[in-house]
Amino acid sequence: MPTDEPSGGGINWVHWSTVISTTAAGVGLLLSAVVTYFGVVTAQDQLDQSREARDDKAAQQASLVTNWSARNKAGDLVEIVANRSLDPVLGAYIRIPVTKSAVGGGAPDGNGAWLIGQIPPCTSLTVAPDKVKEAEGEVALVFTDSSGQAWERSNTGSLSHGEAETPFVAPGKPAAERWKTAPLEDCGTN
């Protein structure tokens, strides 16, 4: 019966070939694991970059819609909303904290809204002074962009995804019939 053992104390080639091939297989598995790990890390980085690019693109129109308070020629405080994008803004409204004093009471009553409606491209509009007097505290512009995403811009200028119904559409007259509007220059850029 033949054996794997060499006669006379020679080198056991079968044993060593088994050890070498087992070691090579282990090193190969280890290298495969390292390559796979770095492949997963690279894919995750690419996915994160794609998400950031998508979010930046989604906020592109919203970043061109702003609002601020100013004084008109008569010295009254007014709220100005500007759409510098090349697309219309859908269903915009200004959310305002209102007190009962504005409507005949005294204690805070919650939030109200000035419906603006659709804001055409490259247009600013001015909310009448009598409406601005109702506001008690921070106002926020809430609107839906042309892709149907809701946004909110605080009176401090920060922009975030809003809580508007998707899409919110203000009933009634278009903004141009309800508020004083004016064309804007330099549209489509920040």
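Values computed for the structure shown
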| item | result |
| --- | --- |
| J(HN,Hα) series, segment 67-73, from Karplus relation 6.51 cos²θ - 1.76 cosθ + 1.60, nearest Hz, glycine and proline x | 8, 7, 9, 8, 9, 7, 4 |
| Rough spin-label spacing in nm, given labels placed 7 Å along Cα→Cβ, for residue 70 and residue 13 | 9.3 nm |
| Accessible area in the full protein assembly, largest first, 1.4 Å probe, for 37, 93 | 37, 93 |
| With all protein chains modelled, accessible area of residue 96 [1.4 Å, Å²] | 0 Å² |
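The values are calculated or read from the model by the stated rules, or taken from the named source; none is laboratory data. Nothing here was measured: the structure is a model prediction, and the numbers come from that model. Heads up, the Cβs are rebuilt from the backbone with ideal geometry, glycines too, and the neighbour counts pull from every protein chain shown. Side chains are part of the model used for accessible areas, which takes the heavy atoms of the whole protein and leaves out ligands, DNA and RNA. Shrake-Rupley method; radii C 1.70, N 1.55, O 1.52, S 1.80 Å.
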